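Some notes on the structure that comes next.
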Amino acid sequence: MAQFYFLSVLLNILAGLILIYGKNLVGLKSSDNDSESAQKISFGGLNFDSPGFRLVVGVLCVFVAVMKILSVFRNDIPVIGDLFPVVAGFLSGASILLEYYIFTSSESDSVPPAVYKVFIESRKYIGIICILAGILHFVFPQVMLL
């Protein structure tokens with residue numbers, strides 16, 4: 001469906017921007033630096049560093065990725081046709097949701113180190129993958145795997 005195609009492009013780019021330019025909520029939890037929390041990234045009244053906003057974006061990324069796997073757009077090949085944007089959506093959604101979970105969790109050692117390293121420490125790389133997936137998916141809609 002065209003709606004999920006548009007949402008996939010939009011959310012991949014938005015999640016990529018949050019992962020690259022947004023504050024690391026895990027780092028904010030561990031440090032009480034007021035000067036860092038005073039700087040906020042906002043656009044159109046939306047605060048991109050807000051944990052609630054990130055929770056909504058993370059849930060939407062995962063939901064749209066699932067829906068992109070289940071729905072086929074304009075005679076595209078099922079599953080394989082949108083593989084790169086779906087994987088980027090899952091990665092960004094998992095990274096944002098895991099960051100939110102760690103930020104709101106009372107236990108500090110609840111996440112395995114390998115998962116923490118992939119989804120939290122490598123969040124900027126995931127953000128780059130998401131922006132590339134969103135732009136390529138928008139520019140080349142009929143190319144397989146994009």
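The values are calculated or read from the model by the stated rules, or taken from the named source; none is laboratory data. As the structure is a computational prediction, the values presented were derived from the model and not from experiment. Every residue, glycine among them, receives a Cβ derived from its backbone with ideal geometry; neighbour counts consider all protein chains shown.
Give the residue that is nearest to the chain's Cα centre (by Cα), with candidates limited to residues of the stretch 97-146 that are acidic (Asp, Glu) and in a helix (DSSP H, G or I).
Glu99
Among the residues that make up the stretch 58-73, is at least one of them in a loop (DSSP other than H, G, I, E, B), over 18 Å from Phe6 (Cβ atoms) and at pLDDT 85 or above?
No, because not a single residue in the stretch 58-73 is in a loop (DSSP other than H, G, I, E, B), over 18 Å from Phe6 (Cβ atoms) and at pLDDT 85 or above.
Mind checking which residues of the stretch 34-57 are part of a loop (DSSP other than H, G, I, E, B) and either modelled with pLDDT of 90 or more or among the aliphatic types (A, V, I, L, M) (or both)?
Ile41, the sole residue that qualifies.
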